[in-house]
Amino acid sequence: MGIFITIEGVEGSGKTTLAGMLRGYFVEDGREVVGVREPGGTELGERVRSILLSHTGRIDPWAELLLYEACRAQVVEEVIRPSLERGMVVICDRFTDSTLAYQGYGRGLDLEAVESINRWVSKGIMPDITFLLDCPPEVGLERALGRINSTAGPREDRFEREDMDFHRRVREGYLKIARMEPERVRIIDATGDVESIYRKVRDVLQRYLRT
Ligand code: T5A
């Protein structure tokens with residue numbers, strides 16, 4: 001089996017940036033790497049992603065949960081499982097912890113129900129290691145907004161428009177998950193610059209790979 005790495009955190013915490021750097025790290029090391037994002041990663045998932053992020057009307061929280069899980073079911077079967085079976089490194093920008101943090105802690109859906117659906121949909125596939133890029137939501141949203149205001153950037157999405165209390169619940173939710181699973185979920189202070197965050201992650205990863 002390959003290695004399954006997930007990257008988690010609040011909006012704009014630097015997940016996509018880090019995912020790209022980690023892909024480079026493994027490629028240089030001569031490993032075969034596949035990068036995916038959630039929601040997305042498959043044709044079906046990318047289509048559902050655009051509904052999830054740009055729908056302007058209200059989406060019922062359970063409907064929202066099931067749309068995220070539908071994307072996950074597809075990407076697990078189409079990309080993650082076969083890549084791991086081929087011995088590849090899979091780097092996933094968000095996975096089941098996002099659902100527990102956003103739909104569970106953020107939206108207030110029943111945590112056990114969310115965990116149970118997560119388990120069904122990921123069919124026993126669990127990340128080997130998860131990097132939680134932790135920063136106050138204000139910091140992440142400012143970065144995300146900086147990108148939106150740049151000419152090439154996309155417009156803000158449904159979650160970036162949520163109030164600050166929602167984002168704080170999401171962050172706290174992530175920290176609770178990390179406290180419950182300290183072996184798997186490594187908290188990385190994501191308030192610094194890109195290079196220093198990458199160095200911290202690379203050090204943890206190298207120690208993990210040696211064990
Ligand atoms: N969601 C997702 C759920 O509710 N439930 C679920 O189950 C799942 C899977 C997905 C949305 O869906 C929700 C969560 C999300 O709201 P997304 O676009 O994939 O949306 O997620 P975002 O977190 O919104 O992704 P972003 O691209 O906005 O944030 P990233 O990936 O954390 O940050 P990144 O790397 O793109 O960086 C953002 C900007 O900051 C700069 C970058 O250059 C970029 O411009 N930057 C830094 N600037 C200063 N210092 C640093 N250290 C920086 N790192 C990056």
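What the table below lists for this structure:
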| item | result |
| --- | --- |
| Tensor-based shape of region 74-170 (alpha-carbon gyration tensor, a/c under 1.5 rounded, otherwise prolate or oblate) | oblate |
| Solvent-accessible area, 1.4 Å probe, carbon plus sulfur percent, for region 3-210 | 51 |
| Estimated [θ] at 222 nm from DSSP helical runs (n ≥ 4, -39500 (n - 2.57)) normalised by residues in the chain, nearest 500 | -16000 deg cm²/dmol |
| Nearest-0.05 FRET efficiency for Glu142 and Asp29, computed from C-beta distance (R0 35 Å) | 0.55 |
| Per-selection metrics, region 118-211 (Cα): Rg and Dmax in Å | 15.7, 45 |
| Candidates Thr96, Thr130, Thr17, ranked by Gaussian network fluctuation over the chain, Cα under 10 Å, top entry | Thr17 |
| Sequence-separation-based contact order of region 3-210, relative, with Cα cut under 8 Å and 6+ spacing, percent | 32 |
| As computed over region 15-155, the Cα convex hull volume per residue (Å³) | 133 |
| Computed accessible area, Ser54, all protein chains, 1.4 angstrom probe, square angstrom | 70 |
| Burial ranking of peptide ranges 60-73, 3-16 (average Cβ count within 10 Å, highest at the top) | 3-16, 60-73 |
| Accessible area (Å², per residue) of the chain, counting only protein heavy atoms and a probe of 1.4 Å | 50 |
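The values are calculated or read from the model by the stated rules, or taken from the named source; none is laboratory data. Treat the numbers as computed from the prediction; the structure is a model and nothing was measured. No Cβ is skipped: glycine too gets one built from the backbone with ideal geometry, and neighbour counts run over all protein chains shown. Ligands, DNA and RNA are stripped out before the accessible areas are found, and what is left, the full protein with its side chains, is counted by its heavy atoms. Shrake-Rupley method; radii C 1.70, N 1.55, O 1.52, S 1.80 Å.
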